[in-house]
Amino acid sequence: MRPKVEINRRQQERKQGVLPVRVRGKDASGAQFETLAHTLDLTSTGARLGAIHHRLNALDTLVVLFRQRRVEFTVVWTKLVDGHGEYQVGLQLIAQESDPWGLSMPHSNTPPFTRASATSGAA
């Protein structure tokens with residue numbers, strides 16, 4: 001039997017951090033929503049959110065408000081948390097922004113997510 005090899009597809013270091021955020025966007029049915037949520041972990045170009053109670057589609061745009069910041073992200077993936085009707089959502093910055101969280105995180109050389117990169121298989 002071969003040993004299981006785990007490949008790390010992450011291109012950046014993630015920092016765990018639970019920060020309260022307000023999220024605006026359209027859900028999978030096209031209805032506008034605004035809700036409170038929280039981050040689970042952060043990078044200089046993205047985040048993983050929890051406490052989202054709306055089904056979202058990959059490539060949708062969300063606006064995340066944190067402190068006095070308003071930042072646009074693209075939904076990269078969603079995951080239903082078992083039995084809670086709650087989703088975790090992976091987000092990637094749409095436009096290059098230095099320190100979107102205002103936390104002085106190290107910045108990577110990874111380019112921001114674009115819709116073209118999602119359709120070409122590079123995510």
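The values are calculated or read from the model by the stated rules, or taken from the named source; none is laboratory data. None of these values were measured; they are calculated from a predicted model. Neighbour counts are summed over all protein chains in view; Cβ atoms, including those assigned to glycine, are modelled from backbone coordinates with ideal geometry.
Set side by side, the residues Phe73, Phe33 differ, and just one is in contact with a strand residue (DSSP E or B) (Cβ under 9 Å, 6 or more places away or on another chain), touching a residue at least 12 places away in the same chain (Cβ under 8 Å), aromatic (Phe, Trp, Tyr) and over 19 Å from Asp99 (Cα atoms), which is Phe33.
Check whether at least one residue in the stretch 56-69 is over 16 Å from Pro20 (Cα atoms), surrounded by 15 or more Cβ atoms within 10 Å (Cβ to Cβ) and modelled with pLDDT under 95, and report yes or no. The answer is no; no qualifying residue exists. Just to be sure, is Glu13 at pLDDT 95 or above and of a type in the set (D, E, K, R)? No. Taken over the stretch 87-123, the criterion of being modelled with pLDDT of 75 or more and either closer than 15 Å to Leu42 by Cβ or over 15 Å from the mean Cα position of the chain (by Cα) (or both) is satisfied by Gln88, Val89, Gly90, Leu91, Gln92, Leu93, Pro100, Trp101. Of all the residues in the stretch 70-88, those that are more than 22 Å from Gly17 (Cα to Cα) and surrounded by 16 or more Cβ atoms within 10 Å (Cβ to Cβ) number 0. Scanning the stretch 25-53 for residues that are assigned to a loop (DSSP other than H, G, I, E, B) and surrounded by fewer than 18 Cβ atoms within 10 Å (Cβ to Cβ) yields a total of 6.
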